[in-house]
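What follows is one structure encoded as structure tokens, with my remarks underneath.
The values are calculated or read from the model by the stated rules, or taken from the named source; none is laboratory data. In this text the structure is predicted, and so the values were computed from the model without any measurement. Here Cβ is always computed from backbone atoms with ideal geometry, including for glycine, and neighbour counts include all displayed protein chains.
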Amino acid sequence: MKHFKAKICMFGEPAVGKTSLIRRFVYDMFDDRYLVTIGTKVTKKTVDFEINSEKVKVELLLWDIVGHQSFRNLLKDAYFFGAQGLIGVADVTRKDTLFALEDWIRSIKTVVNISSIPIVFVANKIDLDNKEFGEEEMKEFSQKCGVEKYLFTSAKTGEKVNEVFEYLARKIVEKSL
């Protein structure tokens with residue numbers, strides 16, 4: 001069995017659900033209360049799967065950063081340095097959070113060669129009714145930013161949350177083989 005470690009960084013505006021997605025994936029828990037991330041928090045989870053009939057174990061180091069822009073510029077160098085995968089999170093009930101991902105990408109490009117690592121855009125909170133964007137906008141925006149994978153998730157129900165992290169883990173391992 002091959003073992004890998006991978007640093008995955010979450011990014012996006014405040015209150016889009018970055019922390020909730022990590023909690024759902026790692027602990028299978030959800031809390032409706034808004035939990036403000038102060039600075040950066042790192043959480044670990046190991047995933048196992050097979051690639052080309054070979055068993056693989058990947059220890060994911062999930063980095064969660066405060067969403068406020070002033071902290072983004074302050075922490076970006078240390079936060080994104082060495083990232084092997086990125087997850088950009090938007091809130092489907094706030095279209096501005098989708099467009100803000102473009103600013104995040106611009107900022108990240110100053111630290112990381114984003115063409116060399118997998119990125120997933122996530123439209124979170126699909127369990128809510130008051131959606132401001134859907135599939136077509138997400139597809140068009142992802143293509144504009146050069147991001148090949150996007151998913152609609154719900155940290156509350158767990159819908160497609162595991163798929164986000166497992167997709168990145170697979171992509172990271174495939175690049176290493």
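So, of the residues in the stretch 59-74 that are farther than 29 Å from Glu135 by Cβ and surrounded by 15 or more Cβ atoms within 10 Å (Cβ to Cβ), which turns out to be modelled with the highest pLDDT?
Leu61
Which of the residues belonging to the stretch 1-35 are in a strand (DSSP E or B) and of a type outside the set (Gly, Ala, Ser)?
Lys2, His3, Phe4, Lys5, Lys7, Ile8, Cys9, Met10, Phe11
Would you mention how many residues in the stretch 11-47 are in contact with a helix residue (DSSP H, G or I) (Cβ under 7 Å, 6 or more places away or on another chain), buried (at least 19 other Cβ atoms within 10 Å of the Cβ) and modelled with pLDDT of 95 or more?
5
Grab the helices (runs of 4 or more DSSP H) fully contained in the stretch 75-177, keeping just those with 2 or more residues being touching a residue at least 60 places away in the same chain (Cβ under 8 Å) and either surrounded by 20 or more Cβ atoms within 10 Å (Cβ to Cβ) or within 14 Å of the chain's Cα centre (by Cα) (or both).
In the stretch 75-177, the matching helices (runs of 4 or more DSSP H) lie at 95-109, 161-176.
Is there a residue in the stretch 137-155 that is in contact with a strand residue (DSSP E or B) (Cβ under 8 Å, 6 or more places away or on another chain) and among the basic types (Lys, Arg)?
Yes.
Somewhere in the stretch 119-126, is a residue in contact with an Asp or Glu (Cβ under 6 Å, 6 or more places away or on another chain), under 19 Å from Trp63 (Cβ atoms) and of a type in the set (Val, Ile, Thr)?
No, the stretch 119-126 contains no residue that is in contact with an Asp or Glu (Cβ under 6 Å, 6 or more places away or on another chain), under 19 Å from Trp63 (Cβ atoms) and of a type in the set (Val, Ile, Thr).
Out of the residues in the stretch 144-155 that are modelled with pLDDT of 95 or more and not hydrophobic (A, V, I, L, M, F, W, C), which is farthest from Ala6 (Cα to Cα)?
Here the answer is Lys144.
From the list Gly158, Gly82, pick out the single residue that is under 30 Å from Met1 (Cβ atoms) and modelled with pLDDT under 95.
On the way: Gly158 fails: modelled with pLDDT under 95.
Being under 30 Å from Met1 (Cβ atoms) and modelled with pLDDT under 95 holds for just one of Gly158, Gly82, which is Gly82.
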